[in-house]
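All remarks here apply to the structure that follows.
The values are calculated or read from the model by the stated rules, or taken from the named source; none is laboratory data. Just so it is clear, the model here is predicted, and its values are computed rather than measured. In this analysis, Cβ positions are derived from the backbone assuming ideal geometry, glycine residues included, and neighbour counts consider all displayed protein chains.
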Amino acid sequence: MTTLNETHDPARKSWIETANAANTDFPIQNLPFGVFTAPGRDARGGVAIGDMIFDIKAALEAGLFSSAATEVAKAASLPALNTFMAMPPAHVSGLRRELSDLLRTGGRAEKHKSNLLVPMNSATMKVPADIGGFTDFFTSIDHVTRATRVLRPDAPIPPSFKHLPMAYNGRASSIVASGVPVIRPQGQQGRSNGASAFAPSRMLDYELEVGIYVGAGNELGHPIPLHEARDRIFGLCLLNDWSARDIQRFESFPLGPFLGKCFATSVSPWIVTTEALAPFRVSSRKRTADDPPLHDHLSDARDQTEGGFDIALTAALETPAMRAKGDAPAPITRTNLNALYWSCAQMITHHASNGCNLEPGDLLGTGTLSGPTDESRACMLELTTGGKQPLTLPNGENRNWLEDGDAVVFNGRCNRDGAVSIGFGECRAEIAPALATALPSRL
């Protein structure tokens, strides 16, 4: 069973008062890791606590860590967290316990707080790792069912979907942190007369996903057994796998997504560790009698009983008109990570099953996390039936696809009786117009 410790104690409070608020994403029971810059501070690792960032490098300079945790803290203070992520889970857990002790009520860090804390609203967040590889999966059966129905009504669910976690290799270089604008991509699109045109995408979409950061990797040629895979997951974030559906549709058959996907992927900047998520583990999705049996390498009793996470996820849309009036973004998707057909650990094991070497800081996307209900449709492709049925927003505006100036905002929250609720922070991006210097097109 999942191991809980004193860092999960609901009675534990912090000397940072905003960390004790009921609605904070970052109570002392969370302590996610990220990388930030701030006035007078170069890029470095930090921990989210309430509305503050705890500066690990400054804490090292103050001599606040034990000798056992100092080397781990040094790795966590770097401007990319790959070295820290590669460390054994026990090392990460040990640092997290020391951070919890430093930040709890009466913790010895309080007397140094003027040097250790940076207000979140004065910091700039970075992508927290040097991401060498990005793989996006396709693991919600509700999404694959609806998307297939929209894109190719005559086609069944891909026959391999229930046999293995399907995926494609994405583009690590175009992963950006929350807040970075997404420029509308240009590309070739099919036209009804059988010709094609090069133009800005007219069918820009979001995909609500969760990102999985790899911790310790594996040697080339050496697979990762499923019973070890959960310990290779450093933590999770929110992920928006932006999609240009018109470009994607024209290019995808038979080799799959390329330019319709690789123009941008947005991630939330804080990595919530698997230890922080321990109270919110749930069973993996139950397979039905009609599902094919799992191959041995994708079957593990522990993964079946606690391989999932109960994370409530929302996507909201903010239009320029809403922004001008000061209206809050309108929720358009409510779903949960437990919509996955395949578990996070199964994705890791499948990815490495042919001997592919995963490396610390590699990022996996779960794929669009649509559930069975209408409100859990997690992209515009599903919400508008491929642009045929406009989405009506509370202010009366309609959207078939995302427009310039629109901002998409993701949030994630974990709740369970007897545990302190934790969150992921925001994953947000606003759509900027296509560049004016377009390449020439020939119809």
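Tabulated data for the structure shown
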| read-out | value |
| --- | --- |
| Residues of region 293-313 that turn out to be assigned to a strand (DSSP E or B) and surrounded by fewer than 19 Cβ atoms within 10 Å (Cβ to Cβ), as a count | 1 |
| Region 32-54, residues that are of a type in the set (D, E, K, R) and in contact with a Ser or Thr (Cβ under 8 Å, 6 or more places away or on another chain) | R44, D51 |
| Residue in region 48-67 that is surrounded by 16 or more Cβ atoms within 10 Å (Cβ to Cβ), over 19 Å from W15 (Cα atoms) and touching a Phe, Trp or Tyr at 6+ places or on another chain (Cβ under 6 Å) present | no |
| Flag if A289 is touching a Lys or Arg at 6+ places or on another chain (Cβ under 6 Å) and either in a loop (DSSP other than H, G, I, E, B) or over 26 Å from R245 (Cβ atoms) (or both) | no |
| Subset of region 211-238 (residues that are outside any loop (DSSP other than H, G, I, E, B) and in contact with a Phe, Trp or Tyr (Cβ under 8 Å, 6 or more places away or on another chain)) | Y213, V214, I233, F234, G235, L236, C237, L238 |
| Selection count, region 51-96, where residues are among the small types (G, A, S), within 15 Å of W270 (Cα to Cα) and either touching a residue at least 40 places away in the same chain (Cβ under 8 Å) or in a helix (DSSP H, G or I) (or both) | 2 |
| Condition check for A177: closer than 28 Å to M52 by Cβ and at pLDDT 95 or above | yes |
| Which listed residue, of D42, D25, is under 19 Å from F280 (Cα atoms) and outside any helix (DSSP H, G or I) | D25 |
| Residue among A86, A21 that is farther than 30 Å from E228 by Cβ and among the aliphatic types (A, V, I, L, M) | A21 |
